[in-house]
Amino acid sequence: MFKNRKNIFIVILIILGLYLILDFKDYNLKRAVDACLAGSQKLSETKITDLDEAKKFCEKEIKKNKNK
């Protein structure tokens with residue numbers, strides 16, 4: 001009886017762990033993109049007018065550097 005409960009508990013923990021891993025896998029990418037956007041606004045003399053285009057550029061550059 002305890003063996004069955006132990007197995008169920010282990011399966012629930014594995015499912016919970018997989019959910020957490022898949023939920024937070026892009027967390028570092030999001031933080032890097034936010035830092036890129038903040039840095040580009042501070043360094044640029046002309047402020048970025050199109051935030052979506054700047055975000056796409058930052059994501060592309062970060063992913064390109066990640067694959068190297």
**Message:** Just the residues that are of a type in the set (Lys, Arg) and farther than 30 Å from Lys63 by Cβ, please, taken from the stretch 1-30.
**Reply:** Lys3, Arg5, Lys6
**Asked** Taking Leu13, is it more than 18 Å from the chain's Cα centre (by Cα), among the aliphatic types (A, V, I, L, M) and at pLDDT below 75?
**Response** no
**Asked** Among the residues of the stretch 21-60 satisfying the criterion of being part of a helix (DSSP H, G or I) and loosely packed, with under 10 Cβ neighbours inside 10 Å, which is modelled with the lowest pLDDT?
**Response** Leu43
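The values are calculated or read from the model by the stated rules, or taken from the named source; none is laboratory data. Since the model is a prediction, treat every value here as computed from it, not as a measurement. Every residue, glycine among them, receives a Cβ derived from its backbone with ideal geometry; neighbour counts consider all protein chains shown.
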